[in-house]
């Protein structure tokens with residue numbers, strides 16, 4: 001997951017180009033901004049709520065896995081934090097993805113954190129406030 005600056009076609013398709021191998025199948029909703037994915041070398045498979053007959057129904061029916069992950073993210077954020085700042089959104093997303101990817105093997109998450117912690121210097125308060133600092137050195 002990645003926080004993007006806006007919902008423009010450039011930002012959304014740029015995210016796909018940065019994170020998905022060319023030629024891969026990309027399933028999206030039928031938003032017009034995604035049309036260029038086919039021209040960029042992806043097997044784009046849009047799902048139209050209107051064509052699926054789900055207009056006015058639960059949108060999660062069209063892309064159920066995506067909606068489940070987003071719902072889990074929102075529930076986790078609300079249940080864990082009092083507030084979420086735009087400035088640190090990527091840090092929250094990174095933590096959620098780390099936990100989500102290891103949800104079925106909780107010991108693996110602990111062992112991974114233990115291994116990372118033993119090889120990294122402590123994180124400073126300045127790095128917590130501005131995550132970009134950790135990657136500048």
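Points worth noting:
- Segment residue 20-residue 87, length gained on full extension (0.36 nm per residue, minus Cα span): 21.6 nm
- Gain in span if fully extended, residue 105 to residue 2, counting 0.36 nm per residue against the direct Cα distance: 34.7 nm
- The range 63-137 shape via C-alpha gyration tensor axes, a/c threshold 1.5: oblate
All of the numbers you see were taken from the coordinates with simple rules; none came from a lab. Note that the coordinates shown come from a computational prediction; the quantities given were computed from them, not determined experimentally.
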